[in-house]
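Take a look at the structure set out below.
The values are calculated or read from the model by the stated rules, or taken from the named source; none is laboratory data. None of the values given here were measured: they were computed from a predicted structure. All Cβ positions, glycine included, derive from the backbone under ideal geometry; neighbour counts span all protein chains shown.
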Amino acid sequence: MQPARGLFITFEGGEGAGKSTNIAYLQAHLQSRGVDLVVTREPGGTRLGEDVREVLLRLREEPVAPMAELLLLFAARAQHLQEVIQPALLAGKWVICDRFTDASYAYQCGGRGMSAASVRTLETLVQGELRPDYTLLLDAPVETGLERARGRGELDRFEQEELAFFQRVRDTYLQLAKESSGRYHLVDASQPLEAVQARLQEICEELFACWVPRHPVGR
Ligand code: TMP
């Protein structure tokens, strides 16, 4: 059944998977088709969330307890949902979010070894029944992504992790994609940009084909 609201689309992937470039591409493509769109990101998307992001990404001398990290992520998410995501969806807008709760499964469970049950509990508490309608997973070999990320300059607290951490993150994303194949669209991000964007266009057509707008958008 179609949701009686705008579509909630999330982008996921490892470091350096090209999310920003491809989100900008999808945004331009959807807007050219008349979609009223909000583009946002996690952690972040609100003033409070951006402050939490700064705290989470900054390098620290002391080790950060995985549960503290997870709770900070969900605190930012609660604010983001109340202030940005839910109002936009209820107004019939589409929301593209650069990372969402699947990143908590991939990074905090896959990467840090936390239990999926902790994330599921917080997911229900903070989101109620809201889940993304579509998730685009930009997948690339860990080494390729890290090389791109490291080429961008100074590394943040996550980017400093070892290779095995990012391999677990990637494996978890691929597992999530397998388990939720209706929601997930896998995009091979190691292909040339034109091929990735051709795939995004294909996915866009699927979104239009199965979405019944409350307020018609230009086609
Ligand atoms: P970004 O690289 O997409 O800007 O995200 C910043 C970092 O935050 C990235 O390394 C992944 C991490 N992150 C988590 O660990 N868990 C989460 O739930 C989210 C949203 C992000």
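Has the stretch 88-99 got at least one residue that is more than 10 Å from the ligand (Cβ to nearest atom), out of contact with any Gly (no Cβ under 8 Å at 6 or more places or on another chain) and not in a helix (DSSP H, G or I)? Looking through the stretch 88-99, at least one residue is more than 10 Å from the ligand (Cβ to nearest atom), out of contact with any Gly (no Cβ under 8 Å at 6 or more places or on another chain) and not in a helix (DSSP H, G or I).
Within the stretch 36-47, is even one residue of a type in the set (Lys, Arg), free of Cβ contacts under 8 Å to residues at least 24 places away in the same chain, exposed (fewer than 14 other Cβ atoms within 10 Å of the Cβ) and more than 13 Å from the ligand (Cβ to nearest atom)? Yes, that holds for at least one residue. Of the residues in the stretch 16-23, at least one is surrounded by fewer than 18 Cβ atoms within 10 Å (Cβ to Cβ) and either farther than 21 Å from residue 206 by Cβ or at pLDDT 95 or above (or both). In the set 77, 53, only one residue is surrounded by fewer than 22 Cβ atoms within 10 Å (Cβ to Cβ), charged (D, E, K, R) and modelled with pLDDT of 95 or more; that residue is 53. Beta carbons closer than 7 Å, at least 6 apart along the sequence or on distinct chains, pair a first residue in the stretch 100-111 that is in contact (Cβ under 8 Å) with a residue 60 or more places away in the chain and over 14 Å from residue 72 (Cβ atoms) with a second that is within 6 Å of the ligand (Cβ to nearest atom) and of a type outside the set (Lys, Arg) for 100/42. If the requirement is being small (Gly, Ala, Ser) and closer than 22 Å to residue 112 by Cα, which of these qualifies: 6, 44? None of the other options fit; the residue is 44.
Within the stretch 132-167, which residues are assigned to a helix (DSSP H, G or I) and within 12 Å of the ligand (Cβ to nearest atom)? Spell out the reasoning first.
Going through the stretch 132-167, the residues assigned to a helix (DSSP H, G or I) turn out to be 142-151, 163-167.
Within the stretch 132-167, 145, 146, 148, 149, 165, 166 meet the criteria.
Answer yes or no as to whether residue 6 is surrounded by 19 or more Cβ atoms within 10 Å (Cβ to Cβ) and in a loop (DSSP other than H, G, I, E, B). Here the answer is yes, as residue 6 does meet what is asked. The number of residues in the stretch 176-187 that are within 16 Å of the ligand (Cβ to nearest atom) and part of a helix (DSSP H, G or I) comes to 1.
Going through the stretch 163-197 one residue at a time, which ones are of a type in the set (A, V, I, L, M) and surrounded by 12 or more Cβ atoms within 10 Å (Cβ to Cβ)?
Filtering the stretch 163-197 down to residues of a type in the set (A, V, I, L, M) leaves 163-164, 169, 174, 176-177, 186-187, 189, 193, 195-196.
Residues satisfying the conditions are 169, 174, 176, 177, 186, 187, 189, 193, 195, 196.
For the residues 129, 123, the requirement of being away from the ligand (no atom under 16 Å from the Cβ), at pLDDT 95 or above and outside any strand (DSSP E or B) singles out 129. Among the residues making up the stretch 48-78, those that are among the charged types (D, E, K, R) and either closer than 20 Å to residue 10 by Cα or not in a helix (DSSP H, G or I) (or both) are 50, 53, 58, 60, 61, 62, 77.
Looking at the structure I just gave you, is residue 112 more than 17 Å from the chain's Cα centre (by Cα), buried (at least 16 other Cβ atoms within 10 Å of the Cβ) and more than 22 Å from residue 43 (Cα to Cα)?
Working: more than 17 Å from the chain's Cα centre (by Cα): yes; buried (at least 16 other Cβ atoms within 10 Å of the Cβ): yes; more than 22 Å from residue 43 (Cα to Cα): no.
When the stated conditions are applied, residue 112 does not pass them.
Are there any pairs, at least 6 apart or on different chains, whose C-beta atoms fall under 8 Å, with the first in the stretch 61-75 and among the acidic types (Asp, Glu) and the second within 14 Å of the ligand (Cβ to nearest atom) and not in a helix (DSSP H, G or I), and if so, which? Every condition considered, the pairs that remain are 69/112.
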